[in-house]
Amino acid sequence: MNSDLPQPTGSPVVVVGAGPVGLWTAAELALGGAAVVVLERATERSPHSKALGVHPRTVEVLAMRGLARRFLDEGVPVPSWHFGMLESRLDLSVLDTPYPFMLALPQVRTEQLLEEHALAAGARVLRGHAVTGLEQDDDGVTLHVTGPDGEYTRTASYVVGADGAGSTVRKAAGIEFPGTDTTSYGYVGEVRLTDPAVVSAHNEHGALISVPVRGGRHRIAGVDAHHNGAPDPFTLDALRETAIRVVGTDFGMHDPGWLSRFGNATRVARTYRAGRVLVAGDAAHMHLPAGGVGLNVGVQDAMNLGWRLAAVARGEADPALLDGYHDERHPIGEQLAEHTLAQSALITATTPDGAALRSLLSGLVVSVPELSLALARKLSALDVAYPPTGHPLTGTRVPGLFELLERGRPVLLDRTGALGGDVTSLAAATGFDVVAGDQPWTTAAVVVVRPDGHVWWASDDADDAQVMTALKGLGATFAALR
């Protein structure tokens with residue numbers, strides 16, 4: 001454990017699931033001084049990468065904790081991306097971020113890097129421990145677990161379910177998961193190709209993309225208009241037949257490493273918090289993996305939740321602070337469901353009228369730059385802003401200052417340098433990092449930035465008394481970080 005971090009106190013928080021969302025949640029909790037244990041059902045990390053990319057806002061999240069360079073050194077920047085597999089791609093290079101690209105990096109490596117980070121922060125990760133149920137009361141949560149040595153119970157102050165779309169935690173907490181059932185299926189296969197090619201095709205037979213992945217393999221994915229069912233198992237022969245129908249060749253595919261079908265069922269948890277149980281990532285929202293946004297939205301869920309839950313778990317903040325997690329992230333989950341359903345409709349539009357719709361929208365993406373930018377901001381999550389509380393700047397994303405947030409503390413920005421010494425001393429004493437200097441992205445005189453990179457409080461006047469009052473209210477949450 002890093003000795004510079006606050007020492008954990010109180011009953012631990014248990015995070016269920018050691019995927020990217022669970023690992024980032026655990027790291028944020030540990031950074032905030034909460035004791036945290038991750039329970040993972042699988043004994044080993046999956047060798048298959050469901051996700052292949054890290055979107056711009058997630059790279060910003062990584063930068064806020066000093067990790068971006070490690071990912072950038074291994075990933076490949078992709079300056080354009082697709083929406084619904086339209087022929088015209090979205091230009092990411094125009095986005096207002098230092099990272100205007102989709103960073104191609106297999107999920108397996110993303111998980112490895114995130115686990116290293118979580119362990120360094122002080123989290124514990126236990127593999128081969130499957131949560132089978134839970135009960136909660138006013139004092140905590142009791143988890144029922146099957147581990148390598150048999151069944152046991154574990155108590156926790158709070159539990160975070162990051163255990164996927166079939167979440168045991170969500171079900172055990174009684175959280176409803178409304179939405180739409182599967183109406184069409186996609187496919188994915190990672191195979192070796194005798195005649196490799198990078199392809200993106202869409203026609204009356206379906207859709208297919210072929211891109212290289214690590215280990216000398218290619219990923220073949222898409223939809224097949226001739227097969228709307230989900231045969232089990234999905235075979236190499238079925239993948240070959242689909243490829244031949246859609247693009248006229250199977251590329252000489254052989255030696256499959258992973259073959260799978262998936263549906264477009266789309267659901268969002270009714271609530272992200274039920275007492276002492278919270279859900280994040282796929283446990284909170286499931287959808288067609290269109291645009292590669294699922295992992296990214298999940299990590300951003302964890303970023304919003306982590307600082308809140310750490311403060312509450314340490315007894316330094318009112319548990320009502322956790323309600324803000326649902327209030328802010330649930331609408332993002334609903335938006336995610338909407339645009340992945342829209343992409344599902346575009347991807348499966350293989351009829352003549354569907355082809356006409358795709359052609360029209362693809363043309364608009366080229367001819368209407370504002371449309372392309374709006375879709376790019378949506379996929380990248382750079383358009384996420386939470387409801388303002390007072391000053392109109394509150395809730396907005398801060399487009400920079402990432403290195404100032406590496407310790408996971410809130411930051412007081414004295415843009416004009418006019419605050420008195422009593423104010424800055426109080427800020428430092430209550431766990432805020434204080435920074436003076438102009439900020440080109442705002443004209444506000446004083447700004448408080450939350451640990452997740454969104455504005456918490458702002459004022460157009462550098463009035464010492466007003467700022468002191470605000471700091472006393474906000475700073476109580478972070479007394480543990482002094």
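Being part of a helix (DSSP H, G or I) and closer than 29 Å to Gly291 by Cα narrows it down to one residue among Leu373, Leu382; which is it?
It is Leu373.
Output the number of residues of the stretch 134-171 satisfying the condition of being of a type in the set (Val, Ile, Thr) and surrounded by fewer than 19 Cβ atoms within 10 Å (Cβ to Cβ).
4
Under 7 Å between Cβ atoms, which residue pairs at least 6 apart in sequence (or on different chains) link something in the stretch 372-390 that is farther than 17 Å from Glu60 by Cβ with a partner that is acidic (Asp, Glu)?
Ser372/Asp91
Against the definition (assigned by TED's automatic domain parsing to the domain that holds Ser46 and either closer than 21 Å to Ile175 by Cβ or assigned to a strand (DSSP E or B) (or both)), how does Glu316 come out, yes or no?
Considered against the rule, which asks whether it is assigned by TED's automatic domain parsing to the domain that holds Ser46 and either closer than 21 Å to Ile175 by Cβ or assigned to a strand (DSSP E or B) (or both), Glu316 comes out as no.
For (1) in contact (Cβ under 8 Å) with a residue 40 or more places away in the chain; (2) touching a Phe, Trp or Tyr at 6+ places or on another chain (Cβ under 8 Å); (3) more than 23 Å from Val449 (Cβ to Cβ); (4) surrounded by fewer than 24 Cβ atoms within 10 Å (Cβ to Cβ), each residue gets a yes or a no:
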position	(1), (2), (3), (4)
His285	yes, no, yes, no
Pro289	yes, yes, yes, yes
Val299	yes, yes, no, no
Met303	yes, yes, no, no
Gly306	yes, yes, no, no
Ala311	yes, yes, no, no
His326	yes, yes, no, yes
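When you scan the stretch 262-282, do you find a residue that is part of a helix (DSSP H, G or I), under 30 Å from Val36 (Cβ atoms) and in the same structural domain as Ser49 (by TED's automatic domain parsing), even just one?
Yes, the stretch 262-282 has at least one match.
Among the residues in the stretch 176-192, are any surrounded by 18 or more Cβ atoms within 10 Å (Cβ to Cβ), among the basic types (Lys, Arg), in contact with a His (Cβ under 9 Å, 6 or more places away or on another chain) and not in a loop (DSSP other than H, G, I, E, B)?
Within the stretch 176-192, not a single residue is surrounded by 18 or more Cβ atoms within 10 Å (Cβ to Cβ), among the basic types (Lys, Arg), in contact with a His (Cβ under 9 Å, 6 or more places away or on another chain) and not in a loop (DSSP other than H, G, I, E, B).
Would you mention how many residues in the stretch 193-212 are hydroxyl-bearing (Ser, Thr, Tyr) and either closer than 30 Å to Thr142 by Cβ or part of a loop (DSSP other than H, G, I, E, B) (or both)?
1
How do the pairs read when you match residues in the stretch 67-90 that are in the same structural domain as Gly354 (by TED's automatic domain parsing) with residues anywhere that are loosely packed, with under 14 Cβ neighbours inside 10 Å and of a type outside the set (A, V, I, L, M), using Cβ under 6 Å and keeping only pairs 6 or more apart or on different chains?
From the stretch 67-90, the pairs are Pro79/Ser93.
Tell me which residues, restricted to the stretch 73-111, are of a type outside the set (S, T, N, Q), outside any helix (DSSP H, G or I) and closer than 23 Å to Glu403 by Cβ.
Answer for the stretch 73-111, where residues must be of a type outside the set (S, T, N, Q), outside any helix (DSSP H, G or I) and closer than 23 Å to Glu403 by Cβ: Gly75, Pro77, Leu95, Asp96, Pro98, Tyr99, Pro100, Phe101, Met102, Leu103, Leu105.
Determine if the stretch 387-394 includes at least one residue that is within 19 Å of the chain's Cα centre (by Cα) and either under 30 Å from Ala342 (Cα atoms) or in the same structural domain as Glu28 (by TED's automatic domain parsing) (or both).
The answer is no; no qualifying residue exists.
What residue, among those in the stretch 213-252 that are farther than 22 Å from Thr351 by Cα and modelled with pLDDT under 90, is surrounded by the most Cβ atoms within 10 Å (Cβ to Cβ)?
Here the answer is Phe234.
Residues are listed down the side, and each one gets a yes or a no for (1) of a type in the set (A, V, I, L, M); (2) under 22 Å from Pro98 (Cβ atoms); (3) surrounded by fewer than 20 Cβ atoms within 10 Å (Cβ to Cβ):
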site	(1), (2), (3)
Val411	yes, yes, no
Thr416	no, no, yes
Val423	yes, no, no
Ala427	yes, no, no
Val447	yes, yes, no
His454	no, yes, yes
Trp457	no, no, no
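Does Glu370 qualify as being among the acidic types (Asp, Glu) and within 30 Å of Ala27 (Cβ to Cβ)?
No: the conditions fail for Glu370.
Which of (1) touching a Ser or Thr at 6+ places or on another chain (Cβ under 6 Å); (2) among the charged types (D, E, K, R); (3) assigned to a helix (DSSP H, G or I) is the odd one out, the single condition Arg70 does not satisfy?
Unmet condition: (1).
Out of Asp255, Asp301, I need the residue that is within 22 Å of the chain's Cα centre (by Cα) and either modelled with pLDDT of 95 or more or closer than 30 Å to Pro410 by Cα (or both). Which one? Give the derivation first.
Details: Asp255 fails: within 22 Å of the chain's Cα centre (by Cα).
The match here is Asp301.
Restricting to the stretch 52-66, what's the tally of residues that are at pLDDT 95 or above and within 12 Å of the chain's Cα centre (by Cα)?
Looking only at the stretch 52-66, we keep the residues that are at pLDDT 95 or above, and these are 54-66.
Now restrict to residues that are within 12 Å of the chain's Cα centre (by Cα): 54-62.
Looking only at that region, the number is 9.
Being under 15 Å from Asp461 (Cα atoms) and either aromatic (Phe, Trp, Tyr) or modelled with pLDDT of 90 or more (or both) narrows it down to one residue among Leu419, Leu412, Leu401; which is it?
The conditions single out Leu412.
Give me the strands (runs of 3 or more DSSP E) completely within the stretch 425-477, filtered to those with at least 1 residues that are among the charged types (D, E, K, R), ordered by residue number.
Numbers: elements: 433-436, 446-449, 455-459.
Strands (runs of 3 or more DSSP E) meeting the threshold: 433-436.
The values are calculated or read from the model by the stated rules, or taken from the named source; none is laboratory data. Here the structure is a predicted model, which means the values were calculated and not measured. Neighbour counts run over all protein chains shown; Cβ positions are idealised from the backbone, glycine included.
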